[in-house]
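Below is one structure, written out as structure tokens; the observations come after it.
The values are calculated or read from the model by the stated rules, or taken from the named source; none is laboratory data. Just so it is clear, the model here is predicted, and its values are computed rather than measured. Because the Cβ atoms are built from the backbone with ideal geometry, glycine has one as well, and the counts that use them run over all protein chains shown.
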Amino acid sequence: MAKKTTNELLLPDEVLINKIYLIRNQKVMIDYDLAELYGVENKRLKEQVRRNIERFPEDFMFQLSAEEYLSLRTQIATLKRGEHSKYLPFAFTEHGVLMLSNVLNSKRAIQISIQIVRIYTKLREMLLTHKDMLLKLEEMEKKIGKQDTKIKLVFDYLNQFIKQQEKPRKLIGFRNNK
């Protein structure tokens, strides 16, 4: 949950987690969400980014394509046409969010950025935990898979034995040919 710093209450983690999207196989936050979180106008945020563009290489920030933005708008039911900028938004990676706090340089931006980085770290830890669990499940599946072949072999032998039992046997003993 949210933690208190010296004199400011941070946002609940859930609020921030809901503003992280997976775009181009990267976890990113959109400029208008960050502007809202930092308590600045989106126009000012973009202005500071453009003034300091050398601080935002492609692995820190990229501009969404029209298709990506349309897809994002359909995912978020609260977005309504005309409420947001007519320009395509910027998407910031974890490193871009950190750099953005340096560019905006307000106490709130720094505190929110720290919280966002902590959330990214938690997400990474959760992913690693899930990955470990997945690897353990795969190991179990392999072990069971090896046992499956042994069990199948036992059933094959049993079936072969049953088939041999079904063949008529030669009669042993005295026969009367009449």
* Structure fact -> Among residues of segment 31-42 being out of contact with any strand residue (DSSP E or B) (no Cβ under 6 Å at 6 or more places or on another chain) and touching a residue at least 40 places away in the same chain (Cβ under 8 Å), the residue surrounded by the fewest Cβ atoms within 10 Å (Cβ to Cβ) is Gly39
* Does Val49 satisfy being assigned to a helix (DSSP H, G or I), modelled with pLDDT of 85 or more and β-branched (Val, Ile, Thr)? -> yes
